[in-house]
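Data first, discussion second: the structure below is written as structure tokens.
The values are calculated or read from the model by the stated rules, or taken from the named source; none is laboratory data. Nothing here was measured: the structure is a model prediction, and the numbers come from that model. Please note: Cβ atoms are built from the backbone with ideal geometry, for glycine as well, and neighbour counts cover all protein chains shown.
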Amino acid sequence: MIRYIIKRILIAIPLVLAIVCINFVIIHSAPGDPVAFMISGVENATPEFMAMKRAELGLDKPMYIQLLIYLDTILHGDLGYSFIYHQPVADIILQRLQATLLLTVTSFVITVAVGIFAGVSAAKRPYSRTDAFFTIGALGIYSMPDFWVGLIAIIVFSVHLHLTPIFGIVDPGLTGWDYWTNLLWHLALPATTLGLGRLALYSRLSRASMLEVMRQDYITTAWAKGCDERAVFYKHGLRNAMLPLVTVLGFQTSFLFAGAVLTETVFAWPGIGRLLYQSIFFRDYLMIQSLFLVFSILTIAGNLLADIAYAFLDPRIRYK
Amino acid sequence: MASDNLRIESGVQKAKRSLKVQAKSFAEFWRRYRKNRAAVLGLSMVVAFGSMAILAPIISPHNPFEMHLQDFTRIFLPPDNLHLMGTDQYGRDVFSRIIWGARVSLMVGLVAAAISAAVGMTLGAISGYYGGRVDNAIMRFVDMFLTIPTFFLILTIVAIFGGSLTNVMLVIGLTIWPSTARLMRAEFLSFREKEFVQAARSIGAGDRHIMFREIAPNAIFPAIVNASLQVGSAILTESALSFLGLGDPNNVSWGFMLNDALSSFLRAWWMALFPGLMITLVVISFNLIGDGMNDALNPYLKER
């Protein structure tokens, strides 16, 4: 098992390096030179300052040296200095990362739990009227832009029904129990919005996967030996139907984070997604490409977790 | 050369025959497609949106760009008979902007999907047909592309290189082709060893002839279905980019209208409701068409 995990991690490393290289290419092919990039936001940079930055990046040296310098700084966790926030880029991102992870993980848990349950329920009575209703509903939801669902949800639930706060993550000046309930109250709407699109997808997939599994011989055996419906569906059926789902969950991480950017923008959620929106507004190129790097690493980490979860669920992979 | 002889002797006759066969199989396809009510609905909706986009200058009741900045009695007007969907923060008519917005959405969706189809089909075909090292190299590349979070790549490139319509279409098209390449490769792999391909090879047909004339007509359908689904996802991507403030502000885009709505939806719900509704409807239509084509092309699926 440990060997398998280590192997997976080793496969992920070249991917991260590839993304750093893509970033390097983007910086160097952008209009203007890389220094203009580093100091986006500075109104009146002196020529001396520009020259200093140029030397730092090694712009006078050959391309591969520049790439090595770039790799070296990135691997030391140095993403540059933002002249808009007057702080190192890495610090700003780290401060905001927590909020994004809270939002994405919560929404992920809701989606997976509800999606799988809905899928299994639909698979119990396939081609029924309820099933058809869910199929059409899922297609509709799947075609909606996340951010639009968020806007409409705020108008309905916050503005008209006064059920949830309009935006933000937590009201200031709260401690202990009050702090956590207030946080949950703020979290409810964005997490649900973010989860909705993926919920449609997972429920469809788990339905399809369940239908496939329920045709297998071992399910017939389970029925024959007198298992009750619960045991057949959840113990024999779902456990096997989960396997393809976990792979898809891994692939879906990038969509989860893309959705987070849009949801955070709508709900003014103070995570790195909203940071990205603000950076686009301020034309803070350095921040934008640093965030591309961070989101890519998060996605690769998500894929890695899915791979490891897969090995936990499927002993055939563990012992190979 | 044998392959030249083949080309000369079949010539016109063969072209006629293949046209006939294609027309017949298309009629069969259409017969099955037409039975699927959801798919027909999707197609009619796309036709409606298409006419809306083409006829925009004629049918829109107001000028979508005309602002009334000084006149406070004309901004944020709720929907009424004069302005069917109200007006926005500059006093522009939302209904007219909705009609014009169909142009950008359809254009980006169709062109990006076409680029993706062209690149994906070609690389997938080469990969599946030749196999070996070429296949390995292309598939490595595809795998890497599939792990990179595409949306962020598109966003970063558009943010840095500018969000003109051409840029957006190109960048979306050139980043979403790997799934098409995979489908096409799988088909080519399975057809490569079929009898009719071996027959063609044995009478001396060249690689290009086999790839484009023999295998492609059989192998292209999954990629076409995928292209239809990609139109929908490209439209969603464009609207998300515009919503985040990227893209060309001189065009009318539904995503951009939602960006406007972001700062004023508390007082003007109509600015948020209608553009999103249109995006959803267009994307549903293309997804319905994709599903319908899939069902019509795989008769076995239905009979299960």
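What to note about this one:
- Hits in the stretch B:162-190 (condition: at pLDDT 85 or above, over 17 Å from residue B:226 (Cβ atoms) and buried (at least 19 other Cβ atoms within 10 Å of the Cβ)): B:168, B:169, B:171
- Residue B:144 satisfies every condition listed in (1) farther than 23 Å from residue B:214 by Cβ; (2) more than 10 Å from chain A (Cβ to nearest Cβ) except (2).
- Considering residues of the stretch A:299-320 that are surrounded by fewer than 24 Cβ atoms within 10 Å (Cβ to Cβ) and facing chain B (nearest Cβ under 8 Å) only, the residue farthest from residue A:92 (Cα to Cα): A:303
- The residue of the stretch A:256-267 that is surrounded by the fewest Cβ atoms within 10 Å (Cβ to Cβ), among those that are within 14 Å of residue A:150 (Cβ to Cβ) and facing another protein chain (nearest Cβ under 10 Å), is A:258.
- Counted residues, the stretch B:242-251 - those being more than 11 Å from chain A (Cβ to nearest Cβ) and either free of Cβ contacts under 8 Å to residues at least 12 places away in the same chain or surrounded by 22 or more Cβ atoms within 10 Å (Cβ to Cβ) (or both): 2
- Count - residues of the stretch A:236-258 that are under 17 Å from residue A:296 (Cα atoms) and among the small types (Gly, Ala, Ser): 3
- Residues that are more than 20 Å from the chain's Cα centre (by Cα), closer than 22 Å to residue B:158 by Cβ and in a loop (DSSP other than H, G, I, E, B), drawn from the stretch B:249-290: B:249, B:250, B:263
- Scanning the stretch A:259-298 for residues that are within 23 Å of residue B:255 (Cβ to Cβ) and of a type in the set (Ser, Thr, Tyr) yields A:263, A:265, A:277, A:279, A:285.
- Evaluation of residue A:215 against (1) surrounded by fewer than 16 Cβ atoms within 10 Å (Cβ to Cβ); (2) within 11 Å of chain B (Cβ to nearest Cβ); (3) in contact with a helix residue (DSSP H, G or I) (Cβ under 9 Å, 6 or more places away or on another chain) (one fails), failing number: (3)
- Hey, residue B:41 at pLDDT 60 or above, assigned to a helix (DSSP H, G or I) and surrounded by 11 or more Cβ atoms within 10 Å (Cβ to Cβ) or not: yes
Listed here are the residues, each with its yes/no results for (1) under 21 Å from the mean Cα position of the chain (by Cα); (2) surrounded by fewer than 16 Cβ atoms within 10 Å (Cβ to Cβ); (3) modelled with pLDDT under 80.
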residue: A:149; (1), (2), (3): yes, no, no
residue: A:187; (1), (2), (3): yes, no, no
residue: A:190; (1), (2), (3): yes, no, no
residue: A:200; (1), (2), (3): yes, no, no
residue: A:220; (1), (2), (3): no, yes, no
residue: A:236; (1), (2), (3): no, no, no
residue: A:241; (1), (2), (3): no, no, no
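- All of B:111, B:134, B:119 fail the test of being over 30 Å from residue B:84 (Cα atoms) and either in contact with a helix residue (DSSP H, G or I) (Cβ under 6 Å, 6 or more places away or on another chain) or aromatic (Phe, Trp, Tyr) (or both), apart from B:111.
- Pick from the stretch B:252-267, criterion more than 10 Å from chain A (Cβ to nearest Cβ) and farther than 18 Å from residue B:102 by Cβ, ranking: surrounded by the fewest Cβ atoms within 10 Å (Cβ to Cβ): B:263
- Scanning the stretch A:25-72 for residues that are modelled with pLDDT of 75 or more, crowded, with 17+ Cβ neighbours inside 10 Å and among the β-branched types (Val, Ile, Thr) gives A:26, A:27.
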